[in-house]
Number of protein chains: 2
Amino acid sequence: MTNPTAAMLVIGDEILSGRTRDANMHFLAGELTKHGIDMKEVRIVSDDAVAIKAAVLSLSDSYDQVFTSGGIGPTHDDITADCIAAAFGAGLGVRDDARAILQDHYDKMGTELNEARLRMARIPDGAQLIDNPVSAAPGFTIRNVHVMAGVPSVFQAMVASVLPTLTGGQPVLSQTLRVMRGEGDIAATLSALAAAFSDLSIGCYPFQKDGAYGANIVVRGTDGARIDAAMTQLAKEIDL
Amino acid sequence: MTNPTAAMLVIGDEILSGRTRDANMHFLAGELTKHGIDMKEVRIVSDDAVAIKAAVLSLSDSYDQVFTSGGIGPTHDDITADCIAAAFGAGLGVRDDARAILQDHYDKMGTELNEARLRMARIPDGAQLIDNPVSAAPGFTIRNVHVMAGVPSVFQAMVASVLPTLTGGQPVLSQTLRVMRGEGDIAATLSALAAAFSDLSIGCYPFQKDGAYGANIVVRGTDGARIDAAMTQLAKEIDL
């Protein structure tokens with residue numbers, strides 16, 4: 001049985017220009033792995049309607065679940081809802097349930113629900129709202145696409161709202177062996193191990209520290225006993 | 001005159017699983033911005049031949065320059081060179097100039113150039129080598145695709161080798177105004193400013209700090225005087 005697949009679409013000029021460092025991808029990757037959903041691809045595109053529409057359609061076709069971050073705020077550069085509605089041929093308008101959530105939130109804060117803020121109540125026809133316990137303005141799910149905010153605290157809260165609603169698979173387990181040896185010295189051993197344990201994924205991630213070569217050898221799979229067996233054989237063959 | 005465009009392809013299961021946090025994308029984004037090349041898209045794919053080939057062909061078609069990171073080491077999971085050669089229909093074999101670089105490097109270290117390490121001298125036919133002053137094993141450029149290592153120190157050195165060979169455009173300048181106001185309060189002002197300065201890009205990036213709402217307003221463009229004018233008007237209208 002294979003796990004469900006997922007992709008992420010990050011929308012943001014500020015990341016592509018190097019001004020901001022994305023934090024949401026790393027967070028989502030870890031959460032999906034725990035939930036037994038395999039993240040297969042991430043795309044980062046700019047705040048450009050053509051690029052957003054093309055990417056969301058491509059990812060929605062290719063993977064079981066798609067998560068987007070960014071571009072659903074109140075300002076002129078927040079065009080994600082418009083693009084995703086257009087991509088799926090859905091209408092987009094202020095929806096009563098979303099407006100009520102915002103009205104209640106801003107009433108409590110003593111802040112006016114002005115025209116700009118009301119933009120955040122525009123939801124594509126047929127979408128379900130995603131709860132936002134941090135700042136109220138909801139995300140939404142349309143088809144297999146979950147549209148969420150870019151602010152990390154809000155993104156994380158929305159992921160927590162969505163994930164329990166999705167069918168997960170078997171969580172992927174991993175063990176890591178850190179060795180202070182060059183990759184070239186251990187490559188033949190790893191190659192043989194990968195052949196002997198073809199049900200596991202065996203990765204080798206080199207690093208340099210204080211001028212010396214090392215590598216993290218990561219064994220991944222869904223069967224803990226098989227991973228134990230591979231790690232035992234690995235430790236013996238690498239002769240630590 | 002528009003700047004040249006670029007995309008990045010990150011190859012790595014370890015990033016998609018959440019085990020490792022990518023550092024290369026943020027570095028490259030900053031370097032390209034300084035060089036006047038506009039990064040338009042980033043894709044992260046797993047160590048999967050079909051996914052790598054499809055992504056590199058798509059990005060190579062769509063953008064002026066493509067930068068890849070990861071998967072060019074000596075171990076069995078390093079399949080990037082094979083995939084990129086196959087994608088472009090180029091042969092792949094150990095090349096004398098690359099072998100000589102490795103031989104020299106490992107001779108100096110007193111290390112054997114074994115079969116695994118020799119994998120790193122396999123270069124697609126017609127490609128140019130990319131200098132690696134950190135750990136010798138070269139990257140390569142084929143067509144408009146620059147294939148580089150995933151280890152951050154090596155990736156950065158290879159970017160430094162490649163960038164001076166590329167035609168840049170006008171560096172994109174930016175100024176940021178940080179305001180402790182909710183996006184919803186300043187959205188109308190920003191929308192009018194964006195219309196008045198349509199030659200600039202005006203982005204608004206919200207944050208929450210100690211329970212209060214704030215936003216970084218970023219004005220970007222290639223003409224410093226225009227950016228100054230927009231920032232002056234912005235400061236007056238936001239009434240700091």
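The values are calculated or read from the model by the stated rules, or taken from the named source; none is laboratory data. Just so it is clear, the structure is predicted and the values come from calculations on it, not from any experiment. Cβ sites come from the backbone with ideal geometry, for glycine too, and all protein chains shown count toward neighbours.
Couple of notes before you dig in:
- Flag if residue A:155 is aromatic (Phe, Trp, Tyr) and either more than 30 Å from residue A:221 (Cβ to Cβ) or modelled with pLDDT under 95 (or both): no
- Checking each residue in the stretch A:17-49 for being part of a helix (DSSP H, G or I) and either more than 21 Å from residue B:221 (Cβ to Cβ) or in contact with a Lys or Arg (Cβ under 7 Å, 6 or more places away or on another chain) (or both) picks out A:24, A:25, A:26, A:27, A:28, A:29, A:30, A:31, A:32, A:33, A:34, A:35.
- Test: residue B:41 is of a type outside the set (A, V, I, L, M), in contact (Cβ under 8 Å) with a residue 24 or more places away in the chain and within 11 Å of another protein chain (Cβ to nearest Cβ): yes
- Unique residue being closer than 23 Å to residue B:7 by Cβ, at pLDDT 95 or above and touching a His at 6+ places or on another chain (Cβ under 8 Å) when the list is B:56, B:66: B:66
- Residue A:32 being closer than 24 Å to residue A:164 by Cα and either without any contact (Cβ under 8 Å) to a residue 12 or more places away in the chain or crowded, with 19+ Cβ neighbours inside 10 Å (or both): yes
- When B:2, B:75 are checked against the criterion of being over 19 Å from residue B:168 (Cα atoms), part of a loop (DSSP other than H, G, I, E, B) and in contact (Cβ under 8 Å) with a residue 40 or more places away in the chain, a single residue qualifies: B:75.
- Residues (surrounded by fewer than 18 Cβ atoms within 10 Å (Cβ to Cβ) and either within 15 Å of residue B:75 (Cα to Cα) or facing chain B (nearest Cβ under 7 Å) (or both)) located in the stretch A:192-208: A:192, A:195, A:207, A:208
- Filter pass, residue B:217 being touching a His at 6+ places or on another chain (Cβ under 9 Å), within 11 Å of another protein chain (Cβ to nearest Cβ), among the hydrophobic types (A, V, I, L, M, F, W, C) and in a strand (DSSP E or B): no
- Answer residue from the stretch B:17-26, given it is modelled with pLDDT of 95 or more and within 8 Å of another protein chain (Cβ to nearest Cβ) and is surrounded by the most Cβ atoms within 10 Å (Cβ to Cβ) among those: B:25
- Residue in the stretch A:147-165 that is more than 30 Å from residue A:90 (Cβ to Cβ), in a strand (DSSP E or B) and of a type in the set (A, V, I, L, M) present: no
- From the list B:33, B:5, the lone residue that is farther than 23 Å from residue A:182 by Cβ and more than 9 Å from chain A (Cβ to nearest Cβ) is B:5.
- The single residue among B:61, B:78, B:47, B:82 that is acidic (Asp, Glu), crowded, with 17+ Cβ neighbours inside 10 Å, within 30 Å of residue A:6 (Cα to Cα) and more than 11 Å from chain A (Cβ to nearest Cβ) turns out to be B:82.
- Residue among B:50, B:42 that is over 23 Å from residue B:153 (Cα atoms) and of a type outside the set (Lys, Arg): B:50
- Restricting attention to the stretch A:162-183 and to residues that are within 11 Å of another protein chain (Cβ to nearest Cβ) and either among the hydroxyl-bearing types (Ser, Thr, Tyr) or without any contact (Cβ under 8 Å) to a residue 24 or more places away in the chain (or both), the residue that is nearest to residue A:29 (Cα to Cα) turns out to be A:174.
Per-residue answers, yes or no, for (1) more than 30 Å from residue B:119 (Cα to Cα); (2) surrounded by 17 or more Cβ atoms within 10 Å (Cβ to Cβ); (3) polar (S, T, N, Q); (4) without any contact (Cβ under 8 Å) to a residue 24 or more places away in the chain:
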{"position": "A:149", "(1), (2), (3), (4)": "yes, yes, no, no"}
{"position": "A:185", "(1), (2), (3), (4)": "no, yes, no, yes"}
{"position": "A:214", "(1), (2), (3), (4)": "no, no, no, no"}
{"position": "A:219", "(1), (2), (3), (4)": "no, yes, no, no"}
{"position": "A:233", "(1), (2), (3), (4)": "no, no, yes, no"}
